[in-house]
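Read-outs throughout are calculated quantities, based only on the coordinates presented, and are distinct from any laboratory measurement. As the structure is a computational prediction, the values presented were derived from the model and not from experiment. Methodologically, a virtual Cβ is constructed for each residue, glycine included, from the backbone with ideal geometry; neighbour enumeration extends over all protein chains shown.
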Amino acid sequence: MLGQRKAVIALFPLVTTAARAYITGVSGHNATYDYVIIGGGTAGLTVGARLAADSSLSVAVIEAGGFYEIDNGNASVVPFYAAEGINTTSLQGSNPLVDWQFLTVPQPSLLGQIYHYIRGKCLGGSSARNFLIYQRATVGALQKWADAVDDQSYSWANILPFYQKSAAYTPARADLRLPNATAVNDTGAFLAGAGPLQVSYPNYANPVGTFYPGAFEELGLGALPHGVNTGSLIGYAYSTVTEDPTDETRSSSQTAFLSSAPSLTVYSKTMAQKIVFDGSKTARGVNVKANGVSFTLFANKEVILSAGAFQSPQLLMVSGVGPADVLEQHNIPVVADLPGVGQNLQDNPAVFVGYTSPFVLDAAQLDAAVVPYNTKPHTGQLTSPGSEVIGWDKVSNKAFATSLSKSTVSDLASSFPADWPEVELIANANGKFPSIHR
Ligand SMILES: Cc1cc2nc3c(=O)[nH]c(=O)nc-3n(C[C@H](O)[C@H](O)[C@H](O)COP(=O)(O)OP(=O)(O)OC[C@H]3O[C@@H](n4cnc5c(N)ncnc54)[C@H](O)[C@@H]3O)c2cc1C
Ligand SMILES: *[C@@H]1O[C@H](CO)[C@@H](O)[C@H](O)[C@H]1NC(C)=O
Ligand SMILES: *[C@@H]1O[C@H](CO)[C@@H](O)[C@H](O)[C@H]1NC(C)=O
Ligand SMILES: *[C@@H]1O[C@H](CO)[C@@H](O)[C@H](O)[C@H]1NC(C)=O
Ligand SMILES: *[C@@H]1O[C@H](CO)[C@@H](O)[C@H](O)[C@H]1NC(C)=O
Ligand SMILES: *[C@@H]1O[C@H](CO)[C@@H](O)[C@H](O)[C@H]1NC(C)=O
């Protein structure tokens, strides 16, 4: 039986004029859907909207957070403010309504430092928390994925139509950017009339960014003539951003996919606690909790787990799927003994090197920048998340790589495809870009 349904239009007059239609799941009551999706983040809302486009299917999304426009306002909407609340070594400035506030245990190999792993907790997930950089994987990276799971659906050629289906591309406004900050015309990498994710360039280019192409050339990198979305990344280019060109606001999976899925049922501010398996080890539903009330959402067809890199394995483990010895320590009945679940996290460390430039705005200039941002055609520094020119390179094949251990060099050579960048260089010009992990 389906939960009682109610069409809802959410309005955010303070930060955007956009209206979002969706169905509110009735909290506190068991209900059954064809598909139950855990996590309304980047992947979850994309999959949910695509499934719900088939009107014969009922689809529900469970999301622990709410609307970031309400819970975090401009800080999640205005590109320039993207770095607010992003401190990787403490929770300073972090808003618990939109961030999970994960802190690591002290890391022995990093002088005992504790790290704050920023993760979006809202409809939109980390696509509402990130730095808006839009760039596609490399051909070799996707091939590695396809081979690892023995499914060629993940190869570049087979994924490209889905990249293209998801994104609406708008070329850079050369009339609003500096004449010496010319962005590539990526039109060839996109399809006309596709969407709903908005991909564009900010209506502002910082003069600092114009010096980076020369710096990257000095490092031996060449310009990426067709931009960052064609499957090869060794080189540099102005980065495309997930930004709506009509008002220069963040385009997230919420503004894009949720708003295009009026028949998707959303359980927001609802915590998924456990996946329910039947006797034949088939996932049948999800135990959830909202406002202190527990209930179950049952799935006729599938439970889809898209709770992010940390919580997808965590939910599997509390539901009995993972290393048996660890589950038993916590008195969790074992559904499947899978030793790899929740183990072997690989992460890319980031190092931030900052210099003061004459183009960093003071408080008064920042206040003044609100005016052109709020006025059509929406211009000025606030339109930019700060990531100007972005580059990728190999380091293990460079002369200076003698400082890398032999095992590092051979691991890099044997574990990754030839087109796999080993470092990403982000030339940020906003003067407020702490070291981040992605
Ligand atoms: C600070 C930062 C900057 C980044 N910058 C960039 C960038 O510029 N460009 C780029 O391409 N990538 C960037 N990334 C990475 C990118 O945003 C993420 O890889 C991507 O959003 C992950 O998508 P996901 O669907 O796997 O997870 P998420 O988008 O995080 O979605 C997971 C969702 O599940 C929900 N959830 C989790 N557990 C539960 C539960 N038990 N019950 C209910 N709901 C739950 C969460 O609240 C969240 O909404 C950045 C990431 C961060 C953190
Ligand atoms: C809801 O589902 C749970 C199973 O998780 C069941 O125990 C409970 O009785 C159900 N509640 C109602 C009102 O049907
Ligand atoms: C992060 O928080 C720590 C501890 O409060 C503080 O010392 C540091 O300056 C902050 N870093 C940034 C980039 O804001
Ligand atoms: C970008 O290229 C397309 C064709 O590939 C062309 O139609 C369009 O006018 C170009 N736009 C700009 C801004 O150069
Ligand atoms: C690009 O133009 C801006 C604005 O005129 C200027 O400040 C900057 O120095 C120029 N960049 C380079 C690399 O010459
Ligand atoms: C942020 O929000 C307020 C309303 O709460 C608005 O007046 C302001 O102009 C917004 N924009 C920016 C860029 O700060």
- Item | 18 Å cut-off, amide nitrogen to a point 7 angstrom out along residue 273 Cα→Cβ, residues in the range 57-85 | 62-65
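For n ≥ 4 DSSP H runs only, could you compute -39500 (n - 2.57) per run for the chain, divide by its residues and tell me the 222 nm figure to the nearest 500? Kindly include the intermediate steps, with their values, before the conclusion.
Details: 11 runs with 90 residues, N = 438.
Calculated mean residue ellipticity at 222 nm is -5500 deg cm²/dmol.
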- Item | Between the range 309-332 and the range 350-372, the alpha-carbon center distance in angstrom | 45 Å
- Query: residue 357 label point, 7 Å along Cα→Cβ, cut-off 19 Å on backbone N: hits in the range 60-92?
  - Reply: 79-84
- Query: Size of the dipole of the range 22-113 about the Cα centre, Lys and Arg at +1 and Asp and Glu at -1 on the beta carbon, nothing else charged, in debye to 20?
  - Reply: 140 debye
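Which value, in debye to the nearest 20, gives the size of the charge dipole of the range 91-153 about its Cα centre, when Lys and Arg are +1 and Asp and Glu are -1 at the Cβ? Walk me through the intermediate numbers first.
On the way: 5 positive and 4 negative charges, 54 e Å.
The calculation lands at about 260 debye.
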- Item | Furthest towards positive pole of dipole, 111, 139, 128, structure part the range 109-180, Cβ charges | 128
- Item | the chain: most fluctuating residue of 123, 219, 111 per GNM, C-alpha cutoff 10 Å | 111
- Say the dipole of the chain comes from +1 at the beta carbon of Lys and Arg and -1 at that of Asp and Glu; which of 51, 154, 100 then lies farthest toward its positive end? 51
- Task: Evaluate E = 1/(1 + (r/R0)^6) for residue 287 and residue 414, where r is the Cβ-Cβ distance and R0 equals 45 Å; express this FRET efficiency to the nearest 0.05.
- Result: 0.55
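Starting from the Cα-Cα distance between residue 155 and residue 407, subtract it from 0.36 nm times their residue separation and give me the gain in nm to one decimal. Write out the running numbers ahead of the final one.
Working: separation 252, 0.36 × 252 = 90.72 nm, distance 2.87 nm.
Residue separation times 0.36 nm, minus the Cα-Cα distance, leaves 87.8 nm.
Below 8 Å, C-alpha to C-alpha, sequence gap of six or more: please give me the relative contact order for the chain in percent. Don't jump to the answer; show the numbers that get you there.
On the way: 932 pairs, mean separation 92.2, N = 438.
Dividing the mean separation by the residue count of the chain yields 21 percent.
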- Task: Would you look at the GNM of the chain, springs on alpha carbons closer than 10 Å, and say which of 332, 23, 234 moves the most?
- Result: 332
- Task: Would you mind checking which residues have amide H under 5 Å from residue 119's amide H? H placed 1.01 Å from N; only 5 or more apart, or other chain.
- Result: 100, 101, 102
- Whole-Hz ³J(HN,Hα) from phi, Karplus 6.51 cos²θ - 1.76 cosθ + 1.60, for the range 153-168, glycine and proline x: 4, 8, 5, 3, 4, 8, 7, 3, x, 7, 4, 5, 5, 7, 10, 9
- Going by C-beta contacts inside 10 Å, put 177, 119, 129 in order with the fewest on the left. 119, 177, 129
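What order do you get for 264, 110 when you list them from fewest to most C-beta neighbours inside 10 Å? Don't skip to the end; give the middle numbers.
On the way: 264 26, 110 11.
Fewest to most other Cβ atoms nearby, the residues stand as 110, 264.
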- Note on the structure: Amide H neighbours of residue 66 at under 5 Å, excluding residues fewer than 5 places away on the same chain, with H built from the backbone geometry, are 123, 269
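Relative contact order for the range 255-306: what percent, with Cα pairs under 8 Å and sequence separation of 6 or more? Mind showing how you got there, number by number?
Numbers: 60 pairs, mean separation 12.8, N = 52.
Relative contact order for the range 255-306 comes out at 25 percent.
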- Query: Which angle between 0 and 90 degrees, to the nearest 10, do you get for helix 139-148 versus the longest principal axis of the chain when only C-alpha atoms count?
  - Reply: 20 degrees
- Task: Run the dipole for the chain about the Cα centre, Lys and Arg Cβ at +1, Asp and Glu Cβ at -1, nothing else charged, and hand back the magnitude in debye, nearest 20.
- Result: 780 debye
- Taking amide H positions as placed 1.01 Å from N in the peptide plane, with prolines and chain starts having none, which residues 5 or more places from residue 274, or on another chain, fall under 5 Å of its amide H? 287
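Could you order the peptides 336-343, 404-411, 183-190 from most to least packed, using the average number of other C-beta atoms within 10 Å per residue?
Values: 336-343: 14.2, 404-411: 11.5, 183-190: 18.0.
Packing order, densest peptide first, comes out as 183-190, 336-343, 404-411.
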- Query: Mind listing the phi-derived Karplus ³J(HN,Hα) values for the range 215-232, rounded to whole Hz, using 6.51, -1.76 and 1.60 with θ = phi - 60°, and x for any glycine or proline?
  - Reply: 5, 5, 4, 4, 7, x, 8, x, 5, 7, x, 10, x, 9, 10, 10, x, 10
- Could you put 330, 29 in order, starting from the residue whose Cβ has the fewest other Cβ atoms within 10 Å? 330, 29
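Send over the Kirkwood Rh of the range 146-209, from the inverse of the averaged 1/r over different Cα pairs, rounded to one decimal Å.
On the way: mean 1/r = 0.0727 Å⁻¹.
Hydrodynamic radius (Kirkwood, Cα only) of the range 146-209 equals 13.8 Å.
How big is D for the chain, in µm² s⁻¹ as a whole number, if Stokes-Einstein is applied with the Kirkwood radius of its Cα pairs at 20 °C and 1.002 mPa s?
92 µm²/s
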- Query: How many angstrom lie between the C-alpha centres of the range 109-138 and the range 237-264?
  - Reply: 18 Å
- Task: Please identify, among 291, 300, 130, the residue showing maximal mean-square fluctuation in a Gaussian network model of the chain using a 10 angstrom Cα cutoff.
- Result: 291
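Please report the antiparallel percentage of DSSP beta bridges with both residues in the range 121-255, rounded to the nearest 5.
Working: 5 of 9 bridges.
The antiparallel proportion sits near 55 percent.
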